[in-house]
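Here's the structure we're looking at; comments come further down.
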Amino acid sequence: MTVRILVMDDEVQITELIQFWLTRCGYDVAVTYDGEAAITVFADAQRQQQPFDVVILDLIVPRGLGGQATLGRLRELAPEVRAIVCSGYAHDPVMALYETYGFDGIVPKPFKLSDLGDEVARVASLPANRRDSPPTED
């Protein structure tokens with residue numbers, strides 16, 4: 001069964017690069033450019049019984065819902081979803097303590113495609129039922 005991945009990043013070039021690379025790695029990849037769109041695509045996939053196994057969320061989206069808030073809403077829909085935070089804001093507390101904020105993995109920007117692939121494979125292999133509640137947003 002193919003692992004399904006949803007990518008949310010406001011930078012079109014980054015989403016295209018991630019989609020290209022992960023598709024070459026054998027994943028089924030969908031992309032969105034803000035949190036609201038990610039929530040809609042995620043919910044539609046849930047209704048169609050084709051859920052995403054992993055989400056990759058950009059932490060900061062200047063004109064939209066960012067990764068932390070988006071993850072909170074996604075966990076309301078599917079507490080078991082595995083999530084990776086991706087950001088160039090290395091000093092943000094979420095990047096330093098990503099697990100505390102409900103994320104399962106981290107990909108700091110800029111990243112090597114091989115590192116992205118390794119982190120996606122690691123997070124995709126985690127048990128899906130390890131979460132009890134959505135993360136809190138401070």
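The values are calculated or read from the model by the stated rules, or taken from the named source; none is laboratory data. In this text the structure is predicted, and so the values were computed from the model without any measurement. Here the Cβ is made from the backbone with ideal geometry for all residues, glycine too, and neighbour counts use every protein chain on show.
Observations, loosely collected:
- Number of positions in the stretch 27-81 that are aliphatic (A, V, I, L, M), part of a loop (DSSP other than H, G, I, E, B) and under 15 Å from Val94 (Cβ atoms): 4
- For the stretch 55-82, the candidate set comprises residues that are touching a Phe, Trp or Tyr at 6+ places or on another chain (Cβ under 8 Å) and touching a residue at least 60 places away in the same chain (Cβ under 8 Å); within that set, the residue that is surrounded by the most Cβ atoms within 10 Å (Cβ to Cβ) is Leu71.
- If the condition is being outside any helix (DSSP H, G or I), closer than 19 Å to Gln50 by Cα and at pLDDT 95 or above, then the stretch 1-25 contributes Val3, Arg4, Ile5, Leu6, Val7, Met8.
- Test for Ala90: is it at pLDDT below 95 and surrounded by fewer than 20 Cβ atoms within 10 Å (Cβ to Cβ): yes
- Flag if Gly102 is closer than 17 Å to Val12 by Cα and crowded, with 18+ Cβ neighbours inside 10 Å: no
- Which numbered condition Pro108 fails, given (1) closer than 16 Å to Leu71 by Cα; (2) modelled with pLDDT of 90 or more: (1)
- The stretch 15-41, residues that are buried (at least 17 other Cβ atoms within 10 Å of the Cβ) and of a type in the set (Asp, Glu): Asp34
- Of the set (1) out of contact with any strand residue (DSSP E or B) (no Cβ under 7 Å at 6 or more places or on another chain); (2) modelled with pLDDT under 95; (3) over 20 Å from Ala128 (Cα atoms), all apply to Glu80 but (3).
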